[in-house]
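Step one of this worksheet: look at the structure below.
The values are calculated or read from the model by the stated rules, or taken from the named source; none is laboratory data. Predicted, not measured: the structure shown is a model, and the values here were computed from it. Every residue, glycine among them, receives a Cβ derived from its backbone with ideal geometry; neighbour counts consider all protein chains shown. Please note that ligands, DNA and RNA were not included when accessible areas were found on the heavy atoms of the full protein model with its side chains. Shrake-Rupley method; radii C 1.70, N 1.55, O 1.52, S 1.80 Å.
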Amino acid sequence: MTTIIISAACAAVACLPIGFFCGMRYRRRVAEAEIGSAEEQARKILEDGIKAADNKKKEALIEAREEILRTKNEFESELKERRAELTRQERRLTSKEENLDRKMETLEKKDETLTRKIKENTEAGEEIQRLKTEQFEILQKVAGMTAEQAKAQLVKQLETEVRREQAIRLTELEAEFKDEADSKARNIIALAIQRCAADQVAESTVSVVALPSDDMKGRIIGREGRNIRAIEQMTGVDLIIDDTPEAITVSGFDPVRREVARLALEKLISDGRIHPTRIEETVEKARRDVDAEIKSAGERATYDTGLHGFQPEMIKLLGRLKYRTSYGQNVLMHSIEVSLLSGIIADELGCDSTLAKRAGLLHDIGKALTQEVEGSHVQLGVELAKKFKESADVIHAIEAHHGDVEPRTLVAMIVQAADAISAARPGARRENLENYIKRLTKLEEIANSFTGVEKSFAIQAGRELRIMVKPEQVKDDDMALVARQIAQKIEGELEYPGQIKVSIIRENRATDYAK
């Protein structure tokens, strides 16, 4: 058994190389067959690719030929159009050249004609100048005067005519403008006054304190006058105790001090305890009450006018105006009235009413310090306005409201007009007799200083100046000029409330007697 197995194994080992050789040959034949098949497929694919490439090439050539043909047709069409356009332009240029040639020929002919006419005009001008010189010499011989004398006489006549025409035209224009301006101003002022009707109270430099009985006078005087001396020393006023029944007069130039003294006396009389210590306490309390009233009055003024943004010190200064008067008119009431009038007028004229009201309320603020500081109320008012950082328009309105400087803004003119309205209307102010007479006398002196004035009369409480002129010296045409000159001199030399009417009267009289 073992032998058989060994024999079989030997046979298998002997057959192994033969089987390997046979397998190798079989695989080679299979590989050669596959390679041949692949080469055949590759050859077919290559042939198909060549055929497709030839077809694409033919198509591309056909498309290129078509594109070249189309481009050639477009180029020939465009070239044809451009040739036609050039032909048209050549024809137009040729036509223009022909027109220019014709115009040049026409201009040359006109130039020749113009040269000939200039020459003829020059010759005619020389002839005219020669004839004018001859006529001028003949005219001088006939007139018996030289050219300079004739010119002087002609200039004099022209001056007379121009002066006459100027006076007539000035009168017409003045009447026309005056009518229009008066109408508009009258409407605005009437509207402003109707909407602002403030009460006017005449005040003076004295106050009267009522007493319950004449026995109180002795108690106020005190032992050896100690009480009255204490009151006068602490308040800075004078107490006048005379024969007036049941009354004491408080006199003083400072209205604030006078008000403090009046309140203190009323409290002392009401309390009944009158001695130096009590007087000192009462005067101090009265002074605090007056300070509170001053502040309250300033706040009421700003509230009544609808203005805001004032510093506390400015409000106190406004309140002090309650105790100041000008020609008997309360300055605070006057300032409030001017503020309201300024606002109304500014609204009518289309101006800034708030600015105008502020300037109107502060226009007399300097009068709050005139008792303590030297200088006019205008200067003090300007300094106060600058100190409290008021606007330039408000400062200028304060400075110009009395004409110290020429008003340059509409607000300044409005405040000036409102101040005149408030001060000049009947019952607003009073004027002492001496100043009144001086003003009337000065009016007549100004009128009499002009040449040709025969007499002058200040009438209607100084509101009108009526002037009689000499007819041989002042002609009818000169009356308007003389009236204007007199009015301007009055404006420059006098201070007065409102306006003054200047009326000139000229008349000729012929007198004879029947015997």
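Tabulated data for the structure shown
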item: Restricting the stretch 439-471 to trypsin sites (Lys or Arg not before Pro) in coil, as DSSP defines it, with at most 16 other Cβ within 10 Å; result: Arg463
item: Unit charges on C-beta of K, R, D, E only; dipole of the chain, Debye; result: 1660
item: Which label in (1) 36.0; (2) 23.6; (3) 24.8 gives the computed Kirkwood radius over Cα pairs in Å; result: (1)
item: For the stretch 301-308, 3J(HN,Hα) per residue [Karplus equation, 6.51 cos²θ - 1.76 cosθ + 1.60, θ = phi - 60°, Hz, x = Gly/Pro]; result: 4, 5, 5, 5, 8, x, 10, 9
item: Length added when fully stretched, Lys285-Glu66, from 0.36 nm per residue minus Cα-Cα; result: 66.6 nm
item: Long-range HN-HN contacts of Leu211 with modeled amide H, under 5 Å; result: Ala247, Ile248
item: Cα-based shape type of the stretch 265-365, given that a ≥ b ≥ c are square roots of the gyration tensor eigenvalues and the cut on a/c is 1.5; result: prolate
item: Rounded tilt (10° steps) of 377-387 against the dominant C-alpha axis of the chain; result: 30
item: Value of relative contact order over the chain, rounded to a whole percent, pairs C-alpha under 8 Å and six or more apart; result: 9
item: The chain: angle of helix 331-349 to the longest principal axis, Cα-based, in degrees nearest 10; result: 50
item: Lys58 versus Arg466: modelled label distance in nm, points set 7 Å from Cα along the beta carbon direction; result: 13.6
item: Point-to-point label distance, Thr277-Asn121, nm (Cα→Cβ direction, 7 Å offset); result: 11.6
item: Accessible surface of the chain, 1.4 Å probe, proportion on carbon and sulfur as whole %; result: 54
item: Hz values of 3J(HN,Hα) by residue in the stretch 100-111 - Karplus curve (6.51, -1.76, 1.60), Gly and Pro given as x; result: 5, 4, 5, 5, 4, 5, 5, 5, 4, 5, 5, 4
item: Other-chain or far-sequence residues with amide H under 5 Å of Val502's (modelled H); result: Leu465
item: Residues whose placed amide H lies under 5 Å from that of Thr325, excluding near-sequence neighbours; result: Val331
item: Restricting the stretch 257-349 to trypsin sites (Lys or Arg not before Pro) in coil, as DSSP defines it, with at most 12 other Cβ within 10 Å; result: Arg273
item: Cut-off of 10 Å, at most 11 other beta carbons, DSSP loop: longest stretch of the chain lacking such chymotrypsin sites (Phe, Trp or Tyr not before Pro); result: 254-512
item: With Cα atoms, 0 to 90° folded angle of helix 147-195 axis to the chain main axis; result: 90
item: Accessible surface, the chain, averaged per residue in Å² (probe 1.4 Å); result: 68
item: Trypsin sites (Lys or Arg not before Pro) restricted to DSSP loop in the stretch 380-421 with at most 13 other C-beta within 10 Å; result: Lys389, Arg408
item: Label point distance in nm, Lys141-Gln488, each placed 7 Å from Cα along Cα→Cβ; result: 5.0
item: For the stretch 492-511 and the stretch 28-45, distance of Cα centres in Å; result: 146
